[in-house]
Structure formats: structure tokens, C-alpha cells
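Worksheet: the structure to be examined is printed underneath.
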């Protein structure tokens, strides 16, 4: 998880001054994922459908989401947490969050050699991230919904160890270019995919997300919202539909 935060730390350069950061990490979530892809130009192997990874160009749409929770202990030397128009004094805070992410990207994939079992892929396009957070202490609670559109880029590796089965890994980065809302996010997933039919494949494996909101703008002349750093990891369950 720390690796994902480091990948886009430059996107979160806004200072929270004397405020403590909000940190919400959940390592036991289930992340559903849906991919819909359309070949522009591809090289299908004999007897295989578009659901089996192959060289070529395509358009890919992705939708995923997750829910999580965490408890954060804010030390007295770290300053208060400022969130949702409220000031939370140092102590124990409970965070609950929901996340949704949509992306549409151009995808290039290439397999090497005569066997074409090992391939790489690169993606670039647009994304939209929405993060809803509720923070509570013993005496008060506040909620906010953060959302932004931005650019998406990704790189992946694919190994087809059976005609219909493959091991896939992908790193995806999202950046909004804004100081507010969802400043940046990153996803790393490793999963097994199996083509059930010509156009349908199932994926299952491990996924890790990281998210930052730099929160650089002040609510008033004296108060700046606390920066948010969130992350979640766990099992990925995915459905791919390819044409």
C-alpha cells in the first residue's frame, strides 16, 4: 500500500499546515470489477474469441467500486483533523468510505514470439473517481463526497499459460490535476482470468488501491481541510465482456 501512495505523492503536495492527515486503510475488502472492451484491430487465434487476450488495438471501459472502514488514532502532537466543516480534536476517529471508479481508455496489447503466450499492454484515457467518506469521533460526525474527472494511464503484463486461461497484472494511475476532490489514485492488481465463452471471461485475484485528496483550499481565512490518504486491498472479482 505504501508503494501506491509513493507513485502519486507528487499529486498531493498541498499542505495541511497544522492539521493532521486523515488516514483510512482497509486490507480486507472485496472489490467487484466490470470490463467492457471492443476490438478496433486484433489478431484472434484460431478457435478463440475476443475474450482471450490477444495482440491488437481496442477500447476498454471499466467500472469498479469498494467499501471499507478503519480506525485512526490521532496523537496530541499532530494537531486536529479538519473535515466536513468540523474540527476533530486528537483522539480516536472512525472512518467509513465508499469508492467508485469509471474509466474509458484506448488499449494496445502485443504478444511476443510464435507461441504468443507472453504479452504486454498499455492504456491511456479518461477516468472519473468518486470517494464518499464519513468520519466520526465520540462526540460528532461529518461526511463529504469527493469526486473528480481526470486522466488515466496503465501498463500490464499478460501470460497465457493455457489456451483459455491467463495470469494478468496491471498498474493503473489516475490524476485529476486539481487540489480538491480526488487528487490522484493508483491501482495494482494481479489476477487469473478464464474465458468461459467467446465473449465472456471471469477474473479473480488480488487488488490494492491508494487514493489522495490534497485539500489545499481553505474553508475560511484560518482553516484548511485535512489532507486525505485512503487505501484498500483484498480480493478482486471481475467480469470481462469483449467484442
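The values are calculated or read from the model by the stated rules, or taken from the named source; none is laboratory data. Keep in mind the model is a prediction, meaning the values are calculated, not measured. With ideal geometry, Cβ positions are generated from the backbone for all residues, glycine too; neighbour counts draw on all protein chains shown.
Could we say that residue 133 is farther than 21 Å from residue 118 by Cα, out of contact with any helix residue (DSSP H, G or I) (no Cβ under 9 Å at 6 or more places or on another chain) and touching a residue at least 40 places away in the same chain (Cβ under 8 Å) here? Spelling it out, residue 133 is indeed farther than 21 Å from residue 118 by Cα, out of contact with any helix residue (DSSP H, G or I) (no Cβ under 9 Å at 6 or more places or on another chain) and touching a residue at least 40 places away in the same chain (Cβ under 8 Å). Is one or more of the residues making up segment 21-33 modelled with pLDDT of 90 or more and either on the phi > 0 side of the Ramachandran plot or outside any strand (DSSP E or B) (or both)? Yes, because at least one residue in segment 21-33 is modelled with pLDDT of 90 or more and either on the phi > 0 side of the Ramachandran plot or outside any strand (DSSP E or B) (or both). Report yes if residue 167 is under 14 Å from the mean Cα position of the chain (by Cα), part of a strand (DSSP E or B) and either modelled with pLDDT of 95 or more or farther than 18 Å from residue 93 by Cα (or both), otherwise no. It is false that residue 167 is under 14 Å from the mean Cα position of the chain (by Cα), part of a strand (DSSP E or B) and either modelled with pLDDT of 95 or more or farther than 18 Å from residue 93 by Cα (or both). Restricting 190, 212 to residues that are in a strand (DSSP E or B) and more than 12 Å from the chain's Cα centre (by Cα) narrows the list to 190.
In this structure, is residue 214 surrounded by 15 or more Cβ atoms within 10 Å (Cβ to Cβ), touching a helix residue (DSSP H, G or I) at 6+ places or on another chain (Cβ under 8 Å) and at pLDDT below 95?
yes
For segment 190-206, the criterion of being over 30 Å from residue 117 (Cα atoms) and surrounded by 15 or more Cβ atoms within 10 Å (Cβ to Cβ) is met by no residue. Output the residues belonging to segment 139-163 that are closer than 30 Å to residue 115 by Cβ, within 21 Å of the chain's Cα centre (by Cα) and in contact (Cβ under 8 Å) with a residue 60 or more places away in the chain. Of everything in segment 139-163, just one residue is closer than 30 Å to residue 115 by Cβ, within 21 Å of the chain's Cα centre (by Cα) and in contact (Cβ under 8 Å) with a residue 60 or more places away in the chain, namely 158.
Checking each residue in segment 75-91 for being out of contact with any strand residue (DSSP E or B) (no Cβ under 6 Å at 6 or more places or on another chain), under 14 Å from residue 227 (Cβ atoms) and part of a strand (DSSP E or B) picks out only 82.
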